[in-house]
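Comments concern the structure below.
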Amino acid sequence: MEQDSKNNSLDKVRSHLQRECFNKLFIGGKFVEPIEREKLPTYYPATGELLHEFPRGKANDIHAAISASERAWAEGTWAAMSAVDRAKIVAKMAQGIEDNKEMLAEIEAADVGKPFRQAAMTLGGAANEGKYWCSLGKALDEEQDLPVNSGGGKGGLPPEEWNVVYRRDPIGVVGLISAWNYPLNVAFRKVCPALIAGNCAILKPSEIAGLSCMFIGKLAHDAGIPPGVFNIVTGDRDAGVALTLSPSVSMISFTGSSITGSKVMEACAPKLSQVALELGGKSALVVFDDTDLDKAVETTMKGFLTNGGQICTAHTRLIVQDNFKQPLLNRLKEELEKLPFCTNPITEKNRGDRAWEDGKTDVVQPVVCDSQHKKILGFLNEAKAAGVEILTGGGVPDEKVVGHSGGYFIQPTVLVNVGQETDVWQKEVFGPVLSVRSFSSEAEAVLEANSTKFGLASTVMSSDPARAMRVANRIRAGAVYATSTGEGILAEHPAVSRGGFGCSGVGRELGISGLHEYTELKSVNYTGFSLADAKIEDAK
Ligand code: NAD
């Protein structure tokens, strides 16, 4: 019976995937076959069954997309429109996500292995975020021709007769390379600002799980984006490399691992093109002993288990005050061992990320694919060999506990007394694995939190507001949460810019700074006429 329901739900997703947009590249406003007609497979993480085969775009397809983009850029219609007008078109795409949320959530549940409930929540977030980006169209238009105050030559400023305005120009043809963990969200977070700023763009989604991103092509087509302004080439590393190396691509916006991010930067260095890099993390959760124990347990679980630990901001390092460590670990072990596994993410409508916020049980999802599964187990085996103590988990759950075989499941794992030099402390595992260390003083807590090369996010929990803020201010990370309750950990708002310190990235996403990443700031110095005269001429 359970097997039948699994087959039915998988068949339903496969039927969604029959649509043209999930089987072709989107280049020059048309859905086209890849030149070499090759395909790549993707599997259902809960069972390991083949889900779909999608086009494997290669360097020649990337070059075709770049040519289409270059033509659109040279023609100039898109860049010449106001940002508000461009945003009206992009808004239709955002609405399209909302309108197709259920189908897209089923696809992401089957592609990534995340519970439907969680996928639907985050896809709703992508649609709202898209609407937010569109609202920035007006702000961008208002920044055009903004006078630079001459200051009459005072205070080191240019003299009064110096008439200068600032403009924010689009960069040109831009490459958008995205990760698989929140496939559509990550991709759409690039597509919206790139297009609203007036660029022509080529999206290369992740080959591990990027099916939902292919729907953005259909949305662009239906919204009336001019041919070549937006293109999608699915494919693997080779397609990504071709995009980064092309001299015609003036900017790469990349979300993925820090190792690949540095390769992207290297590829862009000879041509000195722009890069925006959203990379990996190893976020710390610092817990002081004045924290409520229940809240600390809940926040720890949420921090490292959201999306199965496959989130860049996952709080995978717990740094707990010495005398609070044992009570916290005892409760954590107890709670983690109660968690059921998510055997069919596609139909998981009530459980999933943060379900406990609604008073429901949460559930452990499979990790995304076989190679990630092996990589995580490799980290665990290495930790065991190095003598790291395992509080709970540490491997693959028994098939009887999961309910079937073949899926990429890993037990929620807590490693204690972890050495600061070990890989499980220093490297991103990207799975349901938490490493624990303790501290005795505030200064030590800060040193522990800052003890990796990453700096994406971190949280401080204390019921003493002054202490929570003091420690938060000393943590080197792009997004820090200071909290007595744990509320809001991992939360994002589209108006709040974020990004990475150190190996977690270059540049900022979201907010007006996130939009500015896709523009070049230009000063225009004009003499011999007034700006008002120029505007009259412009209007003729
Ligand atoms: P990845 O680095 O393996 O791949 C990311 C993308 O880069 C894929 O589309 C891939 O095909 C492409 N790629 C691979 N090699 C390339 C190369 N040499 N040149 C150009 N493109 C190349 O990352 P992933 O496994 O897809 O994603 C997980 C990583 O993404 C984690 O490290 C996670 O922390 C990070 N991430 C960061 C954020 C953020 O906002 N900071 C958000 C989501 C995910």
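The values are calculated or read from the model by the stated rules, or taken from the named source; none is laboratory data. Predicted model, so just to flag it, every value in this text is computed and none were measured. When we count neighbours, we look across all protein chains shown, and the Cβ atoms used for this are built from the backbone with ideal geometry, even at glycine. All accessible areas refer to the heavy atoms of the entire protein, side chains included, with ligands and DNA or RNA removed. Shrake-Rupley method; radii C 1.70, N 1.55, O 1.52, S 1.80 Å.
Before moving on, here are some points about what is shown:
- log₁₀ of I(q)/I(0) at q = 0.06 Å⁻¹ - the chain, Debye sum with one point per alpha carbon: -0.31
- Extension gain for the segment R71 to E520, taken as residue separation times 0.36 nm less the Cα-Cα distance, is 159.6 nm to one decimal.
- In degrees, nearest ten, helix 293-305 long axis to first principal axis of the chain (Cα): 60 degrees
- Stokes-Einstein diffusion coefficient of the range 205-363, Kirkwood radius over Cα pairs, 4 °C, 1.567 mPa s, in µm²/s: 67 µm²/s
- Computed from the Cβ-Cβ distance with R0 of 41 Å, the FRET efficiency linking Q95 to F529 stands at 0.45.
- 222 nm mean residue ellipticity, helices alone, for the chain (DSSP H n ≥ 4; -39,500 (n - 2.57); rounded to 500): -13000 deg cm²/dmol
- In a reduced charge model with +1 at each Lys and Arg Cβ and -1 at each Asp and Glu Cβ, the range 215-290 shows a dipole moment near 340 debye about its Cα centre.
- Relative contact order of the chain, taken over Cα pairs closer than 8 Å and 6 or more residues apart, is 17 percent.
- Percentage, to the nearest whole number, of Cα pairs in the range 462-540 over 19 Å apart: 61 percent
- Here the translational diffusion coefficient of the range 89-242 follows from Stokes-Einstein with Rh set to the Kirkwood radius across Cα pairs; for 25 °C and 0.890 mPa s it amounts to 144 µm²/s.
- Each Lys or Arg adds one and each Asp or Glu takes one away; over the other residues whose Cβ falls under 10 Å from the Cβ of A383, this sums to -2.
- Measuring only protein heavy atoms, the 1.4 Å probe finds S5 accessible over about 50 Å².
- Shape class for the range 170-224, computed from the alpha carbon gyration tensor (a ≥ b ≥ c): oblate, with a/c not under 1.5 and a/b at or below b/c.
- Computed 3J(HN,Hα) for the range 10-16, one whole-Hz value per residue from the Karplus formula 6.51 cos²θ - 1.76 cosθ + 1.60 where θ = phi - 60°, is 5, 5, 4, 5, 4, 6, 4, glycine and proline marked x.
- For the residue pairs K271/K522; K24/K522; K349/K375; K58/K282, the C-alpha atoms sit more than 27 angstrom apart in K24/K522; K349/K375; K58/K282.
- Here the spin labels are modelled as points 7 Å beyond Cα on the Cα-Cβ line, and at K453 and I259 they lie 1.2 nm apart.
- Solvent-accessible ranking of L434, L521, largest area first, probe 1.4 Å: L521, L434
- In the assembled protein chains, W73 presents an accessible area of approximately 90 Å² (probe radius 1.4 Å).
- Rg(Cα) / (2.2 N^0.38 Å) computed for the range 283-392, rounded to two decimals: 1.13
- Distance between the modelled labels on R237 and N60, one decimal in nanometres: 2.3 nm (7 Å Cα→Cβ projection).
- Once the gyration tensor of the Cα atoms in the range 5-142 is diagonalised, the equivalent ellipsoid follows with semi-axes of 31, 23, 10 Å, ordered largest first.
- All-pairs alpha carbon distance profile, the range 287-352, 5 Å steps from 0, percent: 3, 15, 24, 23, 17, 10, 5, 3, 0
- Kirkwood Rh (inverse of mean 1/r, distinct Cα pairs), the range 393-460, angstrom: 14.1 Å
- Phi to ³J(HN,Hα) by Karplus 6.51 cos²θ - 1.76 cosθ + 1.60 over the range 152-164, Hz, x for Gly, Pro: x, x, 7, x, x, 7, x, x, 4, 6, 7, 9, 10
- Counting only protein chain heavy atoms and rolling a 1.4 Å probe, the accessible areas of Y481, Y518 rank, largest first, as Y481, Y518.
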